[in-house]
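Okay, so here's the structure we're looking at.
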Amino acid sequence: MTEFKYIVLDEGGRLKIEGTSLGIIELVMACQAYGWSPEEYHLQHPGISLAQIHAALACYYEHQIELDQAIREDLSWAESERDQNIGETASIRERLRLLRQKSA
């Protein structure tokens with residue numbers, strides 16, 4: 001249990017909203033990406049109460065430095081995976097491009 005009602009640490013050490021699979025980082029990133037207020041997030045995800053959303057945001061702001069670092073690490077990992085997959089699938093994409101040209 002953490003110092004915030006509704007917020008728990010999962011087995012991997014990530015902060016989540018109790019009783020859900022929703023991580024604080026994911027909630028914060030969605031709010032930032034879409035420009036959502038807590039109320040708008042709740043409208044989009046009615047299964048998450050306003051109290052849970054506000055608790056998650058309070059926890060985020062209390063631990064913003066560490067959570068922003070975790071967000072940067074997650075984004076860096078995703079970019080690395082994307083770049084690796086682009087390199088690994090280059091020959092497939094080239095074959096598909098040639099097939100499309102032949103069929104056009």
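The values are calculated or read from the model by the stated rules, or taken from the named source; none is laboratory data. The shown structure was predicted, so the numbers you read here are calculated from the model rather than taken from an experiment. Here the Cβ is made from the backbone with ideal geometry for all residues, glycine too, and neighbour counts use every protein chain on show.
Do we find that E39 is loosely packed, with under 14 Cβ neighbours inside 10 Å, in a helix (DSSP H, G or I) and in contact with a helix residue (DSSP H, G or I) (Cβ under 8 Å, 6 or more places away or on another chain) in this structure? Lay out the reasoning, then the answer.
Working: loosely packed, with under 14 Cβ neighbours inside 10 Å: yes; in a helix (DSSP H, G or I): yes; in contact with a helix residue (DSSP H, G or I) (Cβ under 8 Å, 6 or more places away or on another chain): yes.
The answer is yes for E39.
With respect to the numbered conditions (1) in contact with a Cys (Cβ under 9 Å, 6 or more places away or on another chain); (2) exposed (fewer than 14 other Cβ atoms within 10 Å of the Cβ), which one is the sole condition not fulfilled by E11?
Unmet for E11, out of (1) in contact with a Cys (Cβ under 9 Å, 6 or more places away or on another chain); (2) exposed (fewer than 14 other Cβ atoms within 10 Å of the Cβ): (1).
Can you name every one of the helices (runs of 4 or more DSSP H) wholly within segment 48-104 that holds 2 or more residues which are more than 17 Å from I7 (Cα to Cα) and not basic (K, R)?
Values: elements: 50-62, 64-88, 90-103.
Because the criterion is at least 2 residues that are more than 17 Å from I7 (Cα to Cα) and not basic (K, R), the helices (runs of 4 or more DSSP H) in segment 48-104 that meet it are 64-88, 90-103.
If the requirement is being modelled with pLDDT under 95 and over 16 Å from the mean Cα position of the chain (by Cα), which of these qualifies: E88, E81? It would help to see each step written out before you state the result.
On the way: E81 fails: over 16 Å from the mean Cα position of the chain (by Cα).
On inspection, the qualifying residue turns out to be E88.
Assess whether E11 counts as being touching a residue at least 12 places away in the same chain (Cβ under 8 Å) and over 18 Å from Y61 (Cβ atoms).
Details: touching a residue at least 12 places away in the same chain (Cβ under 8 Å): no; over 18 Å from Y61 (Cβ atoms): yes.
Considered against the rule, which asks whether it is touching a residue at least 12 places away in the same chain (Cβ under 8 Å) and over 18 Å from Y61 (Cβ atoms), E11 comes out as no.
Within the bounds of segment 42-59, is there any residue that is out of contact with any strand residue (DSSP E or B) (no Cβ under 7 Å at 6 or more places or on another chain), surrounded by 14 or more Cβ atoms within 10 Å (Cβ to Cβ) and outside the structural domain of F4 (by TED's automatic domain parsing)?
Just the residues of segment 42-59 that are out of contact with any strand residue (DSSP E or B) (no Cβ under 7 Å at 6 or more places or on another chain), to begin with: 42-47, 49-51, 53-54, 57-58.
Add one more test, that the residue is surrounded by 14 or more Cβ atoms within 10 Å (Cβ to Cβ), and what stays is 42, 45, 53-54, 57-58.
Filter again for outside the structural domain of F4 (by TED's automatic domain parsing), leaving none.
Among the residues of segment 42-59, not one is out of contact with any strand residue (DSSP E or B) (no Cβ under 7 Å at 6 or more places or on another chain), surrounded by 14 or more Cβ atoms within 10 Å (Cβ to Cβ) and outside the structural domain of F4 (by TED's automatic domain parsing), which makes the answer no.
When the residues of segment 5-24 are narrowed to those that are out of contact with any Phe, Trp or Tyr (no Cβ under 8 Å at 6 or more places or on another chain) and among the β-branched types (V, I, T), which ends up farthest from D68 (Cα to Cα)?
T20
Are any residues in segment 10-61 farther than 18 Å from R72 by Cβ and of a type in the set (G, A, S), and if so, which ones?
Selection gives G19, S21, G35, S37, G47, S49, A51, A55, A56, A58.
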